[in-house]
């Protein structure tokens with residue numbers, strides 16, 4: 001079970017936080033976090049249900065983490081292990097995560113794939129998303145995996161789609177000419193763009209696009225990564 005205690009900061013005020021593995025006793029809070037994090041037009045059927053959460057905690061508990069503040073979970077991140085082939089990078093969120101049920105979790109996989117990350121909006125100013133991502137990097141290192149990977153939504157794209165392609169939009173974000181709520185956040189967390197994927201997830205704001213973003217394990221020789 002993963003557990004670490006530390007301080008996060010609201011401006012200059014320290015706030016004690018606990019990053020830990022989540023369990024069945026957290027399910028109600030985790031579903032509430034999803035509902036607050038992904039309001040409409042995000043599809044409500046994509047919020048966690050208890051069967052999915054039970055799979056997370058039993059199939060790959062190392063990839064089921066939350067942040068607890070004042071005794072209550074306020075943010076979470078979930079992953080599974082897969083084998084990733086760079087030459088066959090195209091996939092949908094449903095395919096690679098088993099629609100969030102992770103029954104396709106591969107204990108021998110070389111890649112920790114992020115299924116979901118979310119935080120209650122009122123707590124986002126504490127940097128909990130970056131904290132959770134860094135905690136997953138620790139899991140990658142502990143399990144001696146090649147990388148962390150996941151599809152990042154580009155919710156800002158819908159505001160520019162009438163005058164830019166998705167490729168142009170993501171290039172502008174990577175070059176710093178535009179800022180996207182998710183893609184920019186992932187870059188701040190140390191993730192690097194791999195490939196833009198069309199039809200990744202039913203997502204009105206992103207026009208169903210996502211950018212595959214990775215973090216490579218720095219303790220594994222990059223020459224043996226095969227790309």
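Coordinate-derived values only; no laboratory data. For clarity, every value in this text was computed on a predicted model and none was experimentally measured. In this analysis, Cβ positions are derived from the backbone assuming ideal geometry, glycine residues included, and neighbour counts consider all displayed protein chains.
Suppose R0 equals 25 Å. What FRET efficiency, 1/(1 + (r/R0)^6) with r the Cβ-Cβ distance, do residue 28 and residue 6 give to the nearest 0.05?
The calculated FRET efficiency here is 0.50.
Tell me, 183, 143 in order of fewest to most beta-carbon neighbours within 10 Å?
143, 183
With a 10 Å Cβ neighbour count serving as the proxy for reagent exposure, in which order, fewest first, do 110, 29, 203 appear?
Fewest to most other Cβ atoms nearby, the residues stand as 29, 110, 203.
With a Förster radius of 22 Å, plug the Cβ-Cβ distance of residue 219 and residue 134 into 1/(1 + (r/R0)^6) and report the FRET value to the nearest 0.05.
0.90
For 103, 216, what's the fewest-to-most ordering of other Cβ within 10 Å of each Cβ?
103, 216
Computed FRET efficiency, Cβ-Cβ of residue 168 and residue 98, R0 35 Å: what is it to the nearest 0.05? Could you put the intermediate results ahead of the total?
Numbers: r = 33 Å, r/R0 = 0.93.
Here the calculated transfer efficiency is 0.60.
Before anything else, pin down the relative contact order of the chain: Cα pairs under 8 Å, at least 6 apart, normalised by residue count, whole percent.
This gives 18 percent for the chain.
So what is the relative contact order for segment 91-176, in percent, with contacts set as C-alpha pairs under 8 Å and at least six apart?
Values: 45 pairs, mean separation 24.1, N = 86.
Computed over segment 91-176, the figure is 28 percent.
If each DSSP helix of 4+ residues adds -39,500 (n - 2.57) and the sum is divided by the residues in the chain, what number results at 222 nm, nearest 500 deg cm²/dmol?
-7000 deg cm²/dmol
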